[in-house]
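Heads up, the thing below is written out as structure tokens.
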Amino acid sequence: MTTISNTDLSPLPAGQFRIYRREGQYAQRSRAENARLFQVGDYVVECDELLRVSSLKDEHNNIQGLVLGYAFVAASTEPLSSRHFTDFFSSTDQAHSLELLFEQLFGAFILILNVDGKTYVYLDADGCLSAVYSQELDIVGSTAAALLAPGEYESRFRRDLYARLDVAHEGWFPSGLTAHHGVSRLLCNHRLDLDDLSAERHWPTIAPVRSSNKDASLNELAAATRDNLNCVFTNFRPALALSGGADSRALLSLSRHRREQITTYVVNPGTTNEDMDVCVSSEVARRAGIKHKLVSPLPDDPAIEKRWHFRGGHAMGGNIARTHTALSHLTDFDTVIEGFGAEVARHFFWRSADTADMVVTGEMIVQRFGMPVEQELVAATDKWLEHVPRGNAFFVLDLAYLELRSSAWCYAQSYADPSLLHFSPFISRRAFKAMFEMPLSVKNGLPFSKEFVLANWPELASIPYNKFGDYRDLIRVGRKLTKLHLIQKKLRKVLAR
């Protein structure tokens, strides 16, 4: 293990955390400004003041764990607390007891918990608050920005791979990789043992069985999503992101019973490339009779974009580095509701020639990312495949989308803009279980999001999805054809086997 000086840590970025041994090499350093210190077993958890932390105490009032962020018992909308761990604390198989509790949870959270005599880090169902770790440096944290001192952040930065994966545009680092040598990402559905910083899968450990009942499958997903929405509406003042797509409209339709509480918003970047979302969402909101806000980004500022990339550890990119500032206008709200996670219910990585019994390889998955076939990515993805439960190819591809793209791409930016809380009601153990068990006929038929709109708010179903419905759609296609990086990515996906 590399030994570094007690001062060789970065200032703790806003809303972030790190974990190190109570008797280890970081123990005597001064805590970061605006940070709070907590102890779980043999470990110190250092958290910036913007990150919510709640303690989990046993019957003797001893701290056995922490909840970072927000976790809720979905059916009751209650914040997760010590009393929900009564069975867990008394169990002789705490790992199993915790899995049963996970089935009930929703939120954006991390659990740091003593389980069966050891201390582990658990993510929520999609890793909505990310975590990375370095076995070399013996430390865990939210991002590389929380782990590495400025000089080390630069020296470990993988500039060549960052460029080859085109991360700056809309790429990411999949399969546990990050933008920095010696720093690994904890994937959702994996827990991290703080003793040796080894990660292992804790769910799913067996492949799901496909349902033969379409209606029951859709009803279960709708019920799980509606419970998650209720958690947000009950505990916060939310604004619901509404685009021109089906997923945000599905969330709106499932929130119809909360109609008086709903305010939707759309980011209006002021460019012709995003005018479709503005136009369609405005019509949906008008038809629904709800409040709708158009929020525009602040003037371009290279310093803000640089800070955004740094706070995420340079682990993903895209136009959001500029447009995220639009959310600063949502001053009447304390959280936003987003539609991430729904893609797991669609055959995002499937191809028309796929069969259930085909062999899925690391190279195949990397190709379906739309990325260049880098051998390091292939090797890391092959390693991930070694621990995937035996199941048919369709399940493996869906699990790959959840863990290697959705978790690592979307939520690498968890802490990049800590000014608002973000919740995605399609994300929970219960919801993903329903998605994995969906009949293939649902996957290949009318998208479930559109089914939800038809069933819950049919007046909104006649408005086109992701298009104007007139000549302007041809203009949008023409604009996309001028973007070389999008063409290259599309071609790689088309040619992927």
Next item on the list: Quick one: which residue in ASP275, ASP300 is under 27 Å from the mean Cα position of the chain (by Cα) and over 18 Å from HIS329 (Cα atoms)?
Entry: ASP275
Check: With respect to LEU37, is the statement that it is hydrophobic (A, V, I, L, M, F, W, C), surrounded by fewer than 19 Cβ atoms within 10 Å (Cβ to Cβ) and either in contact with a Pro (Cβ under 7 Å, 6 or more places away or on another chain) or not assigned by TED's automatic domain parsing to the domain that holds ILE112 (or both) true?
Finding: no
Next item on the list: Take region 336-354 and flag every residue that is among the β-branched types (Val, Ile, Thr) and modelled with pLDDT under 95.
Entry: VAL344
Check: Inside region 143-160, can you point out the residues that are touching a residue at least 60 places away in the same chain (Cβ under 8 Å) and either part of a strand (DSSP E or B) or surrounded by 19 or more Cβ atoms within 10 Å (Cβ to Cβ) (or both)?
Finding: THR143, ALA144, ALA145, ALA146, LEU147, LEU148, GLU152, TYR153, PHE157
Next item on the list: Would you list the strands (runs of 3 or more DSSP E) that sit entirely within region 38-142 and hold 1 or more residues that are in contact with an Asp or Glu (Cβ under 7 Å, 6 or more places away or on another chain) and touching a residue at least 40 places away in the same chain (Cβ under 8 Å)?
Entry: 63-73, 105-115, 118-123
Note to self: Can you say whether ASP227 is among the charged types (D, E, K, R) and assigned by TED's automatic domain parsing to the domain that holds THR335, as far as the supplied structure shows?
What the structure shows: yes
Margin query: All but one of (1) buried (at least 22 other Cβ atoms within 10 Å of the Cβ); (2) touching a strand residue (DSSP E or B) at 6+ places or on another chain (Cβ under 9 Å); (3) of a type outside the set (S, T, N, Q) hold for PHE340; state the number of the condition that does not hold.
Written below: (1)
Check: Restricting attention to region 78-97, which residues are buried (at least 16 other Cβ atoms within 10 Å of the Cβ) and over 21 Å from the mean Cα position of the chain (by Cα)?
Finding: SER82, HIS84, PHE85, PHE88, PHE89, SER91, GLN94, SER97
Next item on the list: Mind listing just one residue for me: the one in region 282-331 that is of a type in the set (Ser, Thr, Tyr) and in contact with a helix residue (DSSP H, G or I) (Cβ under 7 Å, 6 or more places away or on another chain) and, of those, nearest to CYS410 (Cα to Cα)?
Entry: THR325
Item checked: Single condition ALA163 does not satisfy, out of (1) over 30 Å from PHE233 (Cα atoms); (2) in contact (Cβ under 8 Å) with a residue 60 or more places away in the chain -> (2)
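Quick one: in region 414-471, which of the residues that are among the acidic types (Asp, Glu) and more than 20 Å from the chain's Cα centre (by Cα) is nearest to ASP124 (Cα to Cα)?
Among residues in region 414-471 that are among the acidic types (Asp, Glu) and more than 20 Å from the chain's Cα centre (by Cα), the one nearest to ASP124 (Cα to Cα) is GLU437.
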Next item on the list: May I ask you to list the residues in region 151-172 that are out of contact with any Gly (no Cβ under 7 Å at 6 or more places or on another chain) and closer than 28 Å to VAL40 by Cβ?
Entry: GLU152, TYR153
Margin query: All but one of (1) surrounded by 15 or more Cβ atoms within 10 Å (Cβ to Cβ); (2) over 23 Å from the mean Cα position of the chain (by Cα); (3) acidic (Asp, Glu) hold for ASP124; state the number of the condition that does not hold.
Written below: (2)
Check: In region 172-200, which residues are in contact with a Phe, Trp or Tyr (Cβ under 7 Å, 6 or more places away or on another chain) and among the acidic types (Asp, Glu)?
Finding: ASP193
Notebook entry, point to check: Which one of these is in contact with a Lys or Arg (Cβ under 8 Å, 6 or more places away or on another chain) and modelled with pLDDT under 95: PRO174, PRO208?
Noted result: PRO208
Next item on the list: Scan PHE102, PHE157, PHE109 and give me the residue that is outside the structural domain of LEU51 (by TED's automatic domain parsing), at pLDDT 95 or above and not basic (Lys, Arg).
Entry: PHE157
Next item on the list: Would you be able to say whether some residue in region 209-221 is exposed (fewer than 15 other Cβ atoms within 10 Å of the Cβ) and in contact with a Pro (Cβ under 8 Å, 6 or more places away or on another chain)?
Entry: yes
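The values are calculated or read from the model by the stated rules, or taken from the named source; none is laboratory data. None of these values were measured; they are calculated from a predicted model. Cβ sites come from the backbone with ideal geometry, for glycine too, and all protein chains shown count toward neighbours.
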